[in-house]
Structure formats: structure tokens, C-alpha cells
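The values are calculated or read from the model by the stated rules, or taken from the named source; none is laboratory data. In this text, all values refer to a predicted model and were calculated from it rather than measured experimentally. When we count neighbours, we look across all protein chains shown, and the Cβ atoms used for this are built from the backbone with ideal geometry, even at glycine.
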Amino acid sequence: MEFHINKDTIKDEGKTKIVIPKEMWKVLNPDEKFVIIDKGTERPFTGKYYDFEEEGIYVCKQCGAELYSSEDKFDAMCGWPSFDDVINKASVERVLDKDGVRTEIICSNCKGHLGHVFSGEGFTPKNTRHCVNSISIEFEPRKKKEEKATLEN
Ligand SMILES: [Zn+2]
């Protein structure tokens, strides 16, 4: 299944909340369900994106909402993909964990579990680390400059 319905939101700093209807969501397999619905955590250094550096964007596995950009990805050596920013602030919600200590991050469209967000660790100047399960997201290669050139022609 392909998701190409909200390309205009790349780096939309506004608060536009993207709504992707449930009919377009992906049917999750048991491994995906374990993390995305049941809020499990994939084992570190096992996901497909912790050691992955291609240019593009990461969309929500379940609903296809655009969440993270490779521009904001960094290696925190923790075994999960890490980002210090989101594409659109309205696309990722923060929720205090049941343990009252950590802050969970979920997709604001489908409420799927992404991982946790930490701050004050000093990894990057933004001082924020979205620690995301690879299985919660899907990479889409995108060469922005070329795409822009095509649009202008
Ligand atoms: Zn989602």
C-alpha cells in the first residue's frame, strides 16, 4: 500500500493536524501490533532503521502520517533510530508514561505507539531525543531538491 497524500506537509512548522482516514491504515502483523498497539518495545539493535542513513522521511507504519525526516536523525548508539525533531509538531503527541517517569510518543493521527522522548541528554544542540521503534515507522526515500526542481519546471 502506498501513502502519498500529504507531501505538502514536509517541514510544516504550523500546527496543521493531518487526518488520514482509518480505511487507509495498514493492517498490522503480530510483531507490529505488539509495539504499535500494545506499546511494546523492539529489542535494541534489531530494528531496520537504527543503523540506516538514507535521505528521506519516515511515516507512521500504521496510518502513513509523516513523522520524521532523515535530516533530524542522529546516532545515539542506543540501538533504536533517534531523531531530535519532528516534521510537524502536530503529528507526534506526547503522553506521560504509566510509570510517571518517561514520556511516551504516539502518532497523533492513529494513536499508534512510536517510542519515548527524552530531553537534556546533550546529544544534539536541540537536546531532544525521540527514541523510536523501527517497526513503528516506514522509510520513504525522497530527494527533496530534485522533487522541487521538477515542481518548478
Ligand atoms: Zn499513525
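Miscellaneous remarks
- Residue count for the range 104-119, restricted to those that are out of contact with any helix residue (DSSP H, G or I) (no Cβ under 6 Å at 6 or more places or on another chain) and within 7 Å of the ligand (Cβ to nearest atom): 3.
- Cross-chain or 6+ apart pairs with Cβ under 8 Å, the range 111-125 first and more than 15 Å from Cys78 (Cα to Cα), then small (Gly, Ala, Ser): Gly112/Ser136; His113/Gly40; His113/Ser136; Leu114/Ser136
- Filtered residues of the range 75-103 (kept if away from the ligand (no atom under 14 Å from the Cβ) and touching a residue at least 60 places away in the same chain (Cβ under 8 Å)): Lys89
- Lone unmet requirement of (1) crowded, with 18+ Cβ neighbours inside 10 Å; (2) under 14 Å from Ile135 (Cα atoms); (3) among the charged types (D, E, K, R) for Lys33: (1)
- Residue within the range 41-58 that is outside any loop (DSSP other than H, G, I, E, B), at pLDDT 95 or above, closer than 22 Å to Glu140 by Cβ and not β-branched (Val, Ile, Thr) present: yes
- Options Ser134, Ser70; residue that is hydroxyl-bearing (Ser, Thr, Tyr), at pLDDT 95 or above, surrounded by fewer than 23 Cβ atoms within 10 Å (Cβ to Cβ) and more than 16 Å from the ligand (Cβ to nearest atom): Ser70
- Within the range 78-96, restricting attention to residues that are hydrophobic (A, V, I, L, M, F, W, C) and in a loop (DSSP other than H, G, I, E, B), the residue that is farthest from Glu55 (Cα to Cα) is Cys78.
- Residue that is nearest to the ligand (Cβ to nearest atom) [pool: residues in the range 25-37 that are without any contact (Cβ under 8 Å) to a residue 60 or more places away in the chain and outside any helix (DSSP H, G or I)]: Lys26
- Checked across the range 12-22, the condition of being assigned to a loop (DSSP other than H, G, I, E, B), of a type in the set (Gly, Ala, Ser) and at pLDDT below 95 holds for at least one residue.
- Scanning the range 97-133 for residues that are β-branched (Val, Ile, Thr) and not in a loop (DSSP other than H, G, I, E, B) gives Thr103, Ile105, Ile106, Val117, Thr128, Val132.
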